[in-house]
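One structure is given here, and the rest of the page talks about it.
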Amino acid sequence: MSQIQQLHSWWLSLQKREQQLLLGAGVTLVIAAFYWLVWAPLHQSYQTQQQQLQQISQQLLQVRSYPAVSAQTKVQGSLTDLISSSARTHKIQVSRMQPQNDQMQVMLNDISFDQLLAWLHELQYQHNVSIVQLDLAVADAPGMVRVRRLLVES
């Protein structure tokens, strides 16, 4: 006898109530297995994805609310005022400033090369002032330079 025939004869030997009980337990077992092996993991994954979507949407709204900043942003206030105040902050003596359309030509007295670099870095990266041309000469003291012509634009 094959195993299927043995199982069938065993099934027929059971009373009607036992058969109904086993069918009910089997259906319950299949439903429970479906729930724990399929439905619950899918539902948990869906809930997690929904929470992540909410967080990302909130972050997107926050980012969109930030003001747009670009490297091309125009300088606030006049270029003359910006250069004067920035030079004062860095203790740099400006000997002459001459506006040329949207550019400014600046001449400086003798200055430490490191001090000049720090000032130019601030102008470019904090105030969005572009350096168009720079003409330097070596000064008499070591480490000092003379800025013959600095052409900047906003």
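The values are calculated or read from the model by the stated rules, or taken from the named source; none is laboratory data. What you are looking at is a predicted structure, and each value in this text was computed from that prediction instead of being measured. Quick reminder, even Gly has a Cβ in these numbers, built from the backbone with ideal geometry, and neighbours come from all protein chains shown. Side chains are part of the model used for accessible areas, which takes the heavy atoms of the whole protein and leaves out ligands, DNA and RNA. Shrake-Rupley method; radii C 1.70, N 1.55, O 1.52, S 1.80 Å.
In table form, for the structure just shown:
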item	result
For Ala87, net neighbour charge (Lys/Arg +1, Asp/Glu -1) across residues whose Cβ lies under 13 Å away	+1
Order of exposure, largest accessible area first, which applies to Met97, Met107 with probe 1.4 Å	Met97, Met107
Ranked by how many other beta carbons lie within 10 Å on average, peptides 144-153, 3-12 from highest	144-153, 3-12
Accessible-area composition of the chain, carbon plus sulfur, in percent [1.4 Å probe]	56
Computed label-point distance, nm, for sites Gln15 and Ser78 using a 7 Å Cα→Cβ extension	10.8
Acute angle (nearest 10 degrees) that the helix 79-89 long axis makes with the longest principal axis of the chain, alpha-carbon atoms	90
Sum of side-chain charges, Met104 neighbourhood, beta-carbon under 13 Å (Lys, Arg +1; Asp, Glu -1)	-1
Normalised convex hull volume, segment 1-65, alpha-carbon set, Å³ per residue	79
Accessible area in the full protein assembly, largest first, 1.4 Å probe, for Phe34, Phe113	Phe34, Phe113
Summed residue charge, Cβ within 10 Å of Asp135's Cβ, Lys/Arg positive, Asp/Glu negative	+3
Solvent exposure, largest accessible area first (probe 1.4 Å, DNA, RNA and ligands not counted), of Ile31, Ile131, Ile111	Ile31, Ile131, Ile111
Segment 13-135: relative contact order in percent, alpha carbon pairs under 8 Å with at least 6 residues between	17
Inter-site label distance for Ser130 and Gln52 at 7 Å from Cα along Cβ, in nm	4.2
Mean accessible surface per residue for the chain, computed with a 1.4 Å probe while every protein chain stays in place, in Å²	77
Computed log₁₀ I(q)/I(0) - Debye formula, equal Cα scatterers, no solvent, the chain, q 0.10, 0.12, 0.14, 0.21 Å⁻¹	-0.62, -0.73, -0.81, -1.23
